[in-house]
Amino acid sequence: MNDRDAIIWLHRRAGFGIFGADLDAATSRGPAAELDRLLDPAGAGAAPSTDPWDDTQLPLDRKDQPARLYAIETWLDAMAATSQPLVDRMAWLWHGHFVSAFDKVKVGKLMVDQIRLFRREGLGSFTTLLHDVTIDPAMMLYLDLRTSTGSLPNENFAREVMELFTLGVGNYQEADVHTGAVALTGWTLAKDATAQFVARRHGDTAQHYLGRDGVHDLDSVVQAIAAQPAMAMFIAHTLAVKLLGTAPDDVVAKLAATFTAAGFDIRTLVKATLQAGLDGTSAPLVLGPAPWLVMARRVTGATFAAG
């Protein structure tokens, strides 16, 4: 790729496209400098990443359809206009990875708060993100952790956190689903829909989980998952597929090693992944409807009336 094409590719993969008026300046800076600007937008003089939602429009009401529409429309508008595109692209990526949705969560405020979490932590520590999304109220509703108790552990989240979120099929045993579920009990939702830990609901007996003894709570579950070599490979593969459109084994192995050496810092993994793309590891991506719409609006300046 020449520098202009590289800039266009970078903004399509690390954001939602580049404003036409900005393309010449970005090309003159070069791909390496532009990647640094995307990774550190504040350091490059970008406006602060502001919260686009107004909580007065987001009551805690499962039947409030206007609040759900407001939540979605506001996010689409924010992504199209963002001055920190990588922050919002990663929030979108994590929203699809740590899946939860309105069909079960129902409450617009809770889904917005989860997106806020992804915008705030989506380029930080993966283990911190994993910890915090586990007890995110929308996630607790979607995968039933709020109902899980020591006497009756619910295994939905305990299974998905390994199968879909961190390790992949074949990298855990069925017994780990049960022991992980027991260790994660005790978390539920307060009346104001915030996460709270209730000790009497928790099964605090030490568990044997993912080859480790003594696992008994959220922190030790996260530590046990992070200790698995499969985690770095799984997350590196996920980002390669989402950002590069391809995930060759040798590239994923190098990315996983970089990720591990950086203490599971997401920003470091994203930089290495995008650099691999600039160096030639890339394939076409088929965009979903939402990012396609955001990208079309961003590069053309078009608006639409929701209805």
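The values are calculated or read from the model by the stated rules, or taken from the named source; none is laboratory data. Since the structure is predicted, the reported quantities are computational estimates derived from the model, not experimental observations. Positions of Cβ are generated from backbone atoms using ideal geometry, with glycine treated the same way; all protein chains shown enter the neighbour counts. We work out accessible area using only protein heavy atoms, side chains counted, and drop any ligands, DNA or RNA first. Shrake-Rupley method; radii C 1.70, N 1.55, O 1.52, S 1.80 Å.
Listed values, structure above:
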| read-out | value |
| --- | --- |
| Prolate/oblate/rounded call for segment 1-153, Cα gyration tensor, a/c under 1.5 rounded | prolate |
| Global geometry of segment 72-115, whether rounded, prolate or oblate, following the gyration tensor of its Cα atoms and the 1.5 cut on a/c | oblate |
| The chain - accessible surface per residue (Å², probe 1.4 Å) | 45 |
| Cβ crowding within 10 Å averaged over residues, with 208-214, 161-167, 134-140, 273-279 ranked highest first | 134-140, 161-167, 273-279, 208-214 |
| Radius ratio Rg over Rh of segment 139-200, counting only Cα atoms, Kirkwood formula for Rh | 1.00 |
| Fluctuation leader among D88, D61, D265 - the chain, Gaussian network, Cα springs under 10 angstrom | D61 |
| Most mobile listed residue (A78, A21, A290) in the chain, GNM with C-alpha springs under 10 Å | A21 |
| Carbon and sulfur %, accessible surface of the chain computed with the full protein complex present, 1.4 Å | 54 |
| Calculated over segment 42-127: convex hull of Cα atoms, volume per residue (Å³) | 94 |
| Cα-based equivalent ellipsoid, segment 35-84: semi-axes from gyration tensor eigenvalues, Å | 30, 10, 7 |
| Two-decimal Rg to Rh for segment 100-252 - Kirkwood Rh, Cα set | 0.97 |
| Residue with peak Gaussian network fluctuation, the chain [Cα springs, cutoff 10 Å], from L244, L130, L285 | L285 |
| Largest-first principal axis extents of the Cα set of segment 228-307 (Å) | 47, 24, 17 |
| Neighbour net charge for D22 - beta-carbon separation under 13 angstrom, K R +1, D E -1 | +2 |
| Coordinate range along principal axes, alpha carbons of the chain, Å, largest first | 62, 47, 31 |
| Computed magnitude of the charge dipole of segment 102-204 (debye, nearest 20; Cβ of K, R +1, Cβ of D, E -1) | 480 |
| Residue (of F264, H178, L39) at the positive-pole extreme of the chain, dipole from beta-carbon charges | L39 |
| Selected from G96, G124, A199, residue furthest toward positive end of dipole (the chain; charges at beta carbon) | G96 |
| Segment 1-80: proportion of alpha-carbon pairs further apart than 14 angstrom, % | 69 |
| Global form of segment 98-155, assessed from the alpha-carbon gyration tensor, a/c cut-off 1.5 | oblate |
| Lys, Arg +1 and Asp, Glu -1 on Cβ, resulting dipole of the chain about Cα centre, debye, nearest 20 | 420 |
